[in-house]
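Data block below; observations after.
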Amino acid sequence: MATTSPDRIPTLDIIRGLAVMGIFSVNVVGMAMIEAAYFYPPAYGFGSTADRVIWAANFILVDGKMRALFSILFGAGMVLVCERAEAAGRAAWRVHYPRMLVLLGFGLVHYYLLLWGDILTNYALMGMVGFAFRRFPVERLLALALIGFALTYTPGALYAQRLRAAQTMEAPDAAPQDRTRIAAWRASLIPTPAEIAADRTAHQSPEAHARYILRTEPLRPLEAVFGYGVETLALMLLGMAGYRSGFLTGAWPRRSYLQVACWCTGASLLYFAASAWAILQADFDPFTYIPLDQYWAGPLRPVAAAGYAALIILGLSGGGTVASRLAATGRMAFSNYLGATLVGVTLFNGYGLGLYGALSRAEAWLFVPPVWALMLWWSPWWLRRFRYGPLEWVWRSLARWRWEPLRRVEERRHA
């Protein structure tokens, strides 16, 4: 078992550990094949029954939900770090903002050199904003989170309605120019051979990746703030409310967790299972897939995250070997998140095994269980010997502008 620090809150670590594992289950597609396949499966590496099964399982259980859970935990962690800083006599902002600036640096390096699907930059920028809300009462945090969700999801719902209405433009009696527009839109969802070749070339080395990113989407991490920054902030506020109310720390009555788990997880499973069935029946027709996956699903993901948190607290907060390993994985979530990227680029990119673009979705997903096992093995192994995960230590040292002690005292005595 990993050594447990007395200042840790086990439920937060366990939930965070499961969230970071779940994120890799989805991110592996973005690491193994061209970006278009991440957002629209038929775009590349998709077609077999196994591909559909893996997609459906991730869609119903994981996709978007673990990112929401991770964002919620990030908000809770912000409040916890600030509280501990103030308890130690330090100004919270002097601790918080250096942490966010260092995280921003990590995120930009991650994006420009390794993977287009970075979330750290967004967390750092929204974390700088979220600091202002850390003292708000639970009711106000929840109200602001709901406003943030409404601002995020309402435009998408309206666009989904327009998209469904645009389907009539394919009718035989529609104007020729309308049918041409829809045909062009459908074609734009599938990358051309030239686009595939350029994408593969960009994955031959970190330098090639950086050149490609700087040429095509140099400001994407900052532009993402306008795309899903408000949603990220709303999730952080939800996490602050969950921490301050005691929900995320396991302080609620068991009956309350059962109610949240049943209602929230049940609503999520009902929507995503029904949507998966509709999408499969429509054979991923974009007029069905895009509204159900990218727009209508949004409001259910925070709901699913709350249900998952309740389930995890009910099932694992009592301790045991599984809980201990998950907690260690969560304590090293930063190292495990970036470490999973390093494993992915080593497996798939040209400077590693060169499997990029060579596997189907189901084949790429076969790497997920071994990486999960690696996280669960090395995290407690590392924490038995060291105070922090390796990248957590670097983050802490840079933010405090001094080398923090890493090796455990008892280990040094026996050295």
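Among the numbered conditions (1) in a helix (DSSP H, G or I); (2) farther than 27 Å from ILE34 by Cα; (3) at pLDDT 95 or above, tell me where PRO155 comes up short.
If we test PRO155 against (1) in a helix (DSSP H, G or I); (2) farther than 27 Å from ILE34 by Cα; (3) at pLDDT 95 or above, just (3) comes out false.
Need at least 2 residues that are of a type in the set (Asp, Glu) and touching a strand residue (DSSP E or B) at 6+ places or on another chain (Cβ under 7 Å) per element, so show me which helices (runs of 4 or more DSSP H) inside the range 1-115 make the cut, counting only ones lying wholly within it. Show your work before the answer.
Values: elements: 10-32, 35-39, 49-61, 65-87, 92-109.
Where helices (runs of 4 or more DSSP H) fall fully within the range 1-115, none carries at least 2 residues being of a type in the set (Asp, Glu) and touching a strand residue (DSSP E or B) at 6+ places or on another chain (Cβ under 7 Å).
Mind listing whichever residues of the range 263-299 are free of Cβ contacts under 8 Å to residues at least 24 places away in the same chain, hydrophobic (A, V, I, L, M, F, W, C) and either surrounded by fewer than 18 Cβ atoms within 10 Å (Cβ to Cβ) or not in a helix (DSSP H, G or I) (or both)?
Passing the criteria: LEU270, ALA274, TRP277, ALA278, ALA282.
Out of the range 311-332, which residues are farther than 14 Å from LEU258 by Cα, touching a residue at least 24 places away in the same chain (Cβ under 8 Å) and either among the small types (Gly, Ala, Ser) or in contact with a Leu (Cβ under 8 Å, 6 or more places away or on another chain) (or both)?
Step one: of the range 311-332, the residues farther than 14 Å from LEU258 by Cα are 318-332.
Next, from what is left, pick out any that are touching a residue at least 24 places away in the same chain (Cβ under 8 Å): 319, 321, 323-332.
The answer is GLY319, ALA323, SER324, ARG325, LEU326, ALA327, ALA328, THR329, GLY330, ARG331, MET332.
Could you tell me which of the residues ALA174, ALA183 is farther than 30 Å from ALA91 by Cβ and loosely packed, with under 13 Cβ neighbours inside 10 Å? First the steps, then the outcome.
On the way: ALA174 fails: loosely packed, with under 13 Cβ neighbours inside 10 Å.
Residue meeting the stated conditions: ALA183.
For residues in the range 240-259 being crowded, with 21+ Cβ neighbours inside 10 Å, assigned to a helix (DSSP H, G or I) and of a type in the set (A, V, I, L, M, F, W, C), which is nearest to the chain's Cα centre (by Cα)?
The qualifying residue nearest to the chain's Cα centre (by Cα) is MET240.
Could you list all residues from the range 389-412 that are modelled with pLDDT of 95 or more and either more than 19 Å from LEU101 (Cβ to Cβ) or touching a helix residue (DSSP H, G or I) at 6+ places or on another chain (Cβ under 7 Å) (or both)?
Correct list: GLY389, PRO390, LEU391, GLU392, TRP395, LEU398, ALA399.
Identify all residues within the range 22-66 that are charged (D, E, K, R) and touching a helix residue (DSSP H, G or I) at 6+ places or on another chain (Cβ under 6 Å); write none if there are none. Please lay out each step first, then the result.
Within the range 22-66, the first condition is being charged (D, E, K, R), and the residues that meet it are 35, 51-52, 63, 65.
Within the range 22-66, ASP51, ASP63, LYS65 qualify.
What's the total number of residues in the range 175-207 that are over 25 Å from the mean Cα position of the chain (by Cα) and under 13 Å from TYR112 (Cβ atoms)?
Here the count works out to 1.
Please tell me if ALA143 is of a type in the set (Gly, Ala, Ser), at pLDDT below 95 and part of a helix (DSSP H, G or I).
Numbers: of a type in the set (Gly, Ala, Ser): yes; at pLDDT below 95: no; part of a helix (DSSP H, G or I): yes.
The answer is no for ALA143.
Please specify each residue of the range 1-16 satisfying the condition of being β-branched (Val, Ile, Thr) and at pLDDT below 50. Let's see the steps before the verdict.
Of the residues in the range 1-16, the ones β-branched (Val, Ile, Thr) are 3-4, 9, 11, 14-15.
THR3, THR4 - these are the residues of the range 1-16 that are β-branched (Val, Ile, Thr) and at pLDDT below 50.
The values are calculated or read from the model by the stated rules, or taken from the named source; none is laboratory data. Since the model is a prediction, treat every value here as computed from it, not as a measurement. All Cβ positions, glycine included, derive from the backbone under ideal geometry; neighbour counts span all protein chains shown.
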